[in-house]
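The values are calculated or read from the model by the stated rules, or taken from the named source; none is laboratory data. Just so we're clear, the structure is a prediction, and the values are computed from it rather than from any experiment. Positions of Cβ are generated from backbone atoms using ideal geometry, with glycine treated the same way; all protein chains shown enter the neighbour counts. Side chains are part of the model used for accessible areas, which takes the heavy atoms of the whole protein and leaves out ligands, DNA and RNA. Shrake-Rupley method; radii C 1.70, N 1.55, O 1.52, S 1.80 Å.
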Amino acid sequence: MFSITHQGELRREEGCLGASGSDRAHVRLEPCPVGKDLPSHMVWQFDKDTGELKHKQSGLCMDAEHLSAAKPIVLKTCADKDTQIWEIEHYL
């Protein structure tokens, strides 16, 4: 389970989600920055009405299409798809 902060940090205990790769399309868990500003590749926006979880820097949405152990969550162009609807229960 992940929580999202008012600054847009999507975190689980000591790990935060960031987008990596040259196209910023891959989502990965990284150590959360402590005592520093949140890097732009780790800032997310959650829309409570639509369930979209958008990477602020790229404008892409988190997508779980074809999710498996070999194929992780990625970022894709936002669309009205079930694989891009997320639920967040905890706000910090």
- request: Return the total of residues in region 52-73 being free of Cβ contacts under 8 Å to residues at least 24 places away in the same chain and either in contact with a Pro (Cβ under 8 Å, 6 or more places away or on another chain) or of a type in the set (D, E, K, R) (or both).
  value: 3
task: Determine whether region 2-9 contains at least one residue that is in contact with a Ser or Thr (Cβ under 6 Å, 6 or more places away or on another chain), under 19 Å from residue 58 (Cβ atoms) and outside any loop (DSSP other than H, G, I, E, B).
output: no
statement: Taking region 27-51 and the residues there that are farther than 18 Å from residue 6 by Cβ and in contact (Cβ under 8 Å) with a residue 24 or more places away in the chain, the one that is least open to solvent (accessible area, probe 1.4 Å) would be 51
query: Quick check: anything in region 60-83 surrounded by 15 or more Cβ atoms within 10 Å (Cβ to Cβ) and small (Gly, Ala, Ser)?
result: yes
